[in-house]
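This report refers to the structure that appears directly beneath it.
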Amino acid sequence: MLKQFYFDKFEDRKPYSAIPDNKYRSLLFQFTGIVTIGLGIAYLNWRWRFSLNPAALWFSIPLVLAETLSFFSTVMVVINFWSNKDAEKTPPVHYLSEIEDLQGMPDRPIKIDVFIASYNEDVELVRLSIIDAKNLNYPFPDVEIKIYVLDDGRRDGRDPAKENMKKVAEEEQVNYLIREHNQGYKAGNLKNAMEKTNGDLFAILDADTRAFPDFLVHTTGYFKKQKVAWVQTPQWFYDITDAEKLSSIINSKLKLTNKKLIRLSDFLFGKIEVNEDIFGNEPRLFYDVILRKRNFHNAAFCCGAGSIHRREAVMSLAVKGFVEEIKKLEFDLIKKKSDQLKIHPDSFGDLKNSFLLHQELIPFKFHASEDIYTSMMMHADKWESVHHPDVECKMLSTQDVDSWIKQHQRYAEGSLDIAFKDNPLFIKGLTWRQKLCYFNTIWSYFAPLWILVFLFCPIVFFFSLTLPVKAYSFDFFKYFLPFQIMNTITITLGCWGISTKRGDQYYISSFWFMLMALYSIARGKKVKFNVTPKDRNFSKSTEHILPHVIIIGLSLLGVAYNVVLLMIGHHPAASGFAANAFWCIFNIISLSVIIRAAYWKPVETNY
């Protein structure tokens, strides 16, 4: 009997369908996007030239600078969303000659490897992924498909305190690979697997990635275009929290047993639903819009799980990196000779030969964000990528705030580390559009620099009674409102049919851990690869929400203080209070989502 998991009740959920492409909607988006940028430039021109409060430049300049940086993000979004260009779907590959130039070699059916990467996950969870991988369809019986469990936790029975992953692999009759160290994290695990396998194509699945039967049928055909290096499919989390009736939460929290009180609660609050996707895990906006539309720029990067790769492309990058390291060694040695250091000619050759013996081919960059890093380098090497629009796998999402923040902080630190060490704007080989797309991903993690200003501006006003603008006059709303309205229309068109509410809230609520990530990378701290837990941890995660509680507390205190001033007739700017109070309410709603998530537990109804 298989082990029971919390997500068993979600097994019947079906994935979303990709947004149908519509050229007229794309044209309308392009029009509104251009108008939005024009209105934004007009607004900022007015803000910088005519609206600054000369008596409070210490307040005015940080705010307008934050608005300018935020507007730059809007411009980047318009570029990213500019057009949709799904790759043509073709039948699955049968023979090697369909995806490679054999150059006189005999043809044969292709070989496909399926890698299931694992570290410390419940072995019975991995078993589910193995079972689904074994059920993969393929229309050609002579195509060899091999499944490998890549166990980076060395759970082969040597340690009685650990679960036995090797035993599970043997029971399911799939291949099992381990290594004696964890160098390079997941990238190193994949490198080890590639050294011991020979598939022409290989799929990457995480321990919780359960592929649908036609995963390979729907994705291998793209490789008939010989410059396609990888195909990424959307990651769909099928365990996202359901919406809950507010009445059910109240009844559960208050432990109501009186039927009349329960009926009253249901009557008053039964139609109000909350906590849907409480952790902001829904990735549809990212995969169905952001990454999918990067097909137009040939800049859709790999996200690891749910992807399939061409071995030839990955190894070509490894060889190129190997050659570059050799050239670097030769340059360094020659420089030492030119500096008149005593290097014997024989020693020069010995040093070079020693390097050749010890240097390894590294298919995937050893980095905490190996997926995007390797993708960027492969795009620079003139390989192409495809983001497949349809969901082909199901996965598990983080189920507590602590795990969610650790996962997203790793994403932030990894991307920022790339920005400081290998900024895509300066990578040779990338097209200007690819550079902008990769930079857009990195730029998004600088958002706390302006979000923090937006969060504290109402608070500063409430306690200093100082306006960051000369006045909230007609001119302010004349420039501000058209820009904001058109910006909303543009984003709605770009994200057609997808709700952005929870994503917007977490964009603001993420300010603290992203600020910590930026600080960490700026001071040179090494990025760690944290494996995302696959279970639920209902700890309160107070350290993660304390900044949010402080800002909300200061905001409410400021509102109360200003209300008192208004009541006694001593408030100098009632219009300023109204504008900042509205702004404050928006901030509180956005910040509160992560506080609610920290204390969330599934509602248990026993009545």
Euclidean distance between Cα centres, the stretch 555-607 to the stretch 164-229, Å: 49
For the stretch 548-596, the fraction of alpha-carbon pairs in successive 5 Å shells from zero, as %: 4, 22, 28, 20, 13, 8, 4, 1
DSSP-loop GluC sites (Glu not before Pro) across the stretch 69-162, with at most 12 other Cβ within 10 angstrom: Glu88
Helix 474-494 axis, angle to the chain major axis (alpha carbon atoms, nearest 10°): 30
Förster radius 56 Å - calculated FRET efficiency between Val274 and Lys382 (Cβ-Cβ, nearest 0.05): 0.70
Largest-first ellipsoid semi-axes for the stretch 401-456, taking √(5λ) over the Cα gyration tensor eigenvalues, angstrom: 24, 15, 9
Taking all pairs of distinct alpha-carbon atoms in the chain, Kirkwood radius in angstrom: 27.2
Cα-Cα over 22 Å, subset of Lys224/Lys382; Lys3/Lys196; Lys382/Lys428; Lys186/Lys421; Lys23/Lys225; Lys111/Lys167: Lys3/Lys196; Lys23/Lys225; Lys111/Lys167
Rounded tilt (10° steps) of 311-338 against the dominant C-alpha axis of the chain: 90
Three-way shape label, the stretch 229-291, alpha-carbon gyration tensor, a/c 1.5: prolate
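Computed from the coordinates by the stated procedures, all read-outs in this text should not be read as laboratory data. None of the values given here were measured: they were computed from a predicted structure. Here Cβ is always computed from backbone atoms with ideal geometry, including for glycine, and neighbour counts include all displayed protein chains.
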